[in-house]
Amino acid sequence: MSFTRLPQSQLLPLSLLLVAALAGCAGSVQPIGGPLQKQPVAASASASAPVMPEAASGWQDKPGWSNAHQAVAAAHPLAAAAGLEMLNAGGSALDAGIAVQLVLSLVEPQSSGIGGGAFLMYWDGQSVSAVDGRETAPAAADERLFLLPDGKPMGYRQAVVGGRSVGTPGLLRMLEQAHARFGKLPWARLFEPAIRLCEQGYPLSARSVKLLQGDTALRQDPQAAAYFYDAQGQLLPAGHLLRNPALAAVYRRVAQGGADAFLTGPVAQDIVRRVRGHASNPGLLSEADLAAYRPIFRQPLCTDWRGQSSAPWQVCGFGPPSSGHLTLMQILGMLPQQDAAQALSQGLPGAAWLHRYAEASNLAYADRAKYIADPDFVPAPGGDWRSLLASDYLRQRAALIGPRSQGEVAAGQPAPLRLSWAPQAEQPEYGTSHISIIDAGGHALAMTTSIEAGFGARIMSDGGTGLAGGFLLNNQLTDFALQPRDAQGLPVANRVEPGKRPRSSMSPTLVFDRASGRLLMSLGAPGGPAIIHYVAKTLLASHDWRMDAQQAVALPNFGAFNGPLLLESGFFPASTVSELQGLGHRVIQTDLPSGLQAIERRGPGWFGAADPRRDGVVQGN
């Protein structure tokens, strides 16, 4: 099934398009009536859409890819090729994932990189591991980090740009420790494709150029300006062969010296110098913070989910400090069992189903805002995070869903002992890229990786090399609550504390057949708080609505965050919008550029999917 965005004026004959889509399945559907145009849809004056992490950059139909033995799904073709090179050399899914990430740091610098962190889910054929490479707050930071002298929080953009928002990068140390457990190839071998591309150059993508055009802060950083712009200050064009000698030099050091070569010595010194010496917004990160960073092997959360099928799945994801799995499975657990005939209208989720989904989402995001934070600092309700997924509790919450929208809702009480937390105020949340890999042994990786906002804190480090280029530093500390307490002085669970990891929505997910234990799927997405909805949509479409992975990721996006209902612009007919508004929903149609990657089992082999909204592909054999 291929979905084509239509002008608003042409949404009424949508049934004609969907008939063509259903007939063509994996084929391309041409727009009706000429070039595609986005049209605004009226919503109430108080409604506002959360800002998406990265701007939309067009739609590219993707066919889906069948592979007999192994597959790599990544956000850029050069990154996927690096992963496949490792698999073909006898490497594990973990080896391939490291090679992919190192190339993404070069070719997709706005989304992830060695200046950031990641959550990794790994299936070694026997058990699932969850490795936390999330950034940490500096030891010198406290809950007042983002407060102005008058006690009010900084504006989000004021907080992001500069050293104040930079957390201790955890990615390389996490990958190093995961490699010690799951790697097969030598550590240094994994750096070869990325070093080669850094030195030979790669063509700057049209998507990267569009994102650079929309960012005004990056050119204020001298190192970044000299890399992305020419001598006259003009942005380099798409297709320009971009070399990064500084990143190549840093990679050579880390290939030989491990993560210590990044977290100590000249590279660490340069990071700290740029963070603490930022001209307008200096930060608190120290060399001691970098040297002390440790990843955490956490217990994965695996939840049984039946949905509409008689063959239930076991869905495994990341627990806190990620809110991804808990919020995702709360939403799925509050939905009624409905097959495609009940849920879909003309091939798209219908108004009645979207109403129920939005109301369940609002309830789940209310719990997320109040309870979920770094588990090393914040206790779980009732001492167990699974209390948020208890069947009795979800039935109680689902009973609140009525025939009309409730609007904004309050958090529930999943355990008898009440926790005195203030809900976190809504604020932007950004970031990320996702990698899914299956190797020839059937081992699987799902890793979501991030520097948070597009281009992070807008600080580029050359690692002390004195060369052109380098890597961007994260702004993950703005994933903490900028306002740490409410008007009554109650603390927000996700406030800044020394050494604490900020809450995330990253949702790397592995899916298994509940009865046999067979691996069925690896998936995930970028997209800030919308990640949870993107993964939920893909699971629902795959499991309940019998779509293949490519059809599922291409399905138009939707979601609610305890506020307005967002629908991806240009897909949903006017009748659906009107019916939802009649049920009391504030409906906003907007870009929702998800960037999903997924690989699913198909017979004896694997079928990979990449989101048509971004540059991702699947490569394998």
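The values are calculated or read from the model by the stated rules, or taken from the named source; none is laboratory data. Everything numeric here is computed off the predicted structure, so don't read it as measured data. Don't worry about glycine lacking a Cβ; one is built from the backbone with ideal geometry, like all the others, and counts go over all protein chains shown.
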Taking the conditions exactly as written (at pLDDT 95 or above, farther than 23 Å from Ala248 by Cβ, surrounded by fewer than 24 Cβ atoms within 10 Å (Cβ to Cβ) and among the acidic types (Asp, Glu)), does Asp124 satisfy them or not?
yes
Among the numbered criteria (1) out of contact with any Lys or Arg (no Cβ under 9 Å at 6 or more places or on another chain); (2) assigned to a strand (DSSP E or B), which one does Gly115 miss?
(2)
Note on Gly407: of the conditions (1) part of a strand (DSSP E or B); (2) closer than 30 Å to Arg157 by Cβ, unmet is (1)
Has the stretch 228-240 got any residue that is surrounded by 16 or more Cβ atoms within 10 Å (Cβ to Cβ) and without any contact (Cβ under 8 Å) to a residue 24 or more places away in the chain?
yes
Selected residue [within 24 Å of Gln223 (Cβ to Cβ), touching a Lys or Arg at 6+ places or on another chain (Cβ under 8 Å) and at pLDDT 95 or above] from Pro295, Pro282:
Pro282
Got a sec? Which of Ala137, Ala141 is at pLDDT 95 or above and within 11 Å of Thr478 (Cα to Cα)?
Ala137
I'd like to know if the stretch 144-157 contains one or more residues that are assigned to a loop (DSSP other than H, G, I, E, B), among the small types (Gly, Ala, Ser) and crowded, with 21+ Cβ neighbours inside 10 Å.
no
Counting only residues that are crowded, with 23+ Cβ neighbours inside 10 Å and more than 24 Å from Ala525 (Cα to Cα), the stretch 420-469 contains a total of 6
Total residues in the stretch 470-483, condition in a loop (DSSP other than H, G, I, E, B) and either surrounded by fewer than 24 Cβ atoms within 10 Å (Cβ to Cβ) or touching a strand residue (DSSP E or B) at 6+ places or on another chain (Cβ under 9 Å) (or both):
7
Kindly indicate whether any position in the stretch 158-172 is surrounded by fewer than 20 Cβ atoms within 10 Å (Cβ to Cβ) and either over 23 Å from Ala468 (Cα atoms) or in contact (Cβ under 8 Å) with a residue 24 or more places away in the chain (or both).
yes
Every residue from the stretch 213-227 that is aliphatic (A, V, I, L, M) and in contact (Cβ under 8 Å) with a residue 60 or more places away in the chain:
Ala217, Leu218, Ala224, Ala226
Under 30 Å from His533 (Cα atoms), in contact (Cβ under 8 Å) with a residue 24 or more places away in the chain, out of contact with any Ser or Thr (no Cβ under 7 Å at 6 or more places or on another chain) and surrounded by 19 or more Cβ atoms within 10 Å (Cβ to Cβ), is that true of Tyr371?
yes
Here is a list of conditions, (1) in contact with a Ser or Thr (Cβ under 7 Å, 6 or more places away or on another chain); (2) exposed (fewer than 15 other Cβ atoms within 10 Å of the Cβ), and Ala279 meets all of them except one; can you say which number that is?
(1)
Could you check the stretch 302-351 and list, in sequence order, the residues that are part of a loop (DSSP other than H, G, I, E, B) and not small (Gly, Ala, Ser)?
Arg306, Gln308, Pro312, Phe318, Pro320, Pro321, Leu335, Pro336, Gln337, Gln338, Asp339, Gln346
Residues that are in contact (Cβ under 8 Å) with a residue 12 or more places away in the chain, of a type outside the set (S, T, N, Q), exposed (fewer than 15 other Cβ atoms within 10 Å of the Cβ) and more than 19 Å from Tyr122 (Cβ to Cβ): does the stretch 324-336 have at least one?
yes
Only one residue in Ala99, Ala89, Ala118, Ala73 is more than 17 Å from the chain's Cα centre (by Cα), modelled with pLDDT of 95 or more and under 12 Å from Ile435 (Cα atoms). Which one?
Ala99
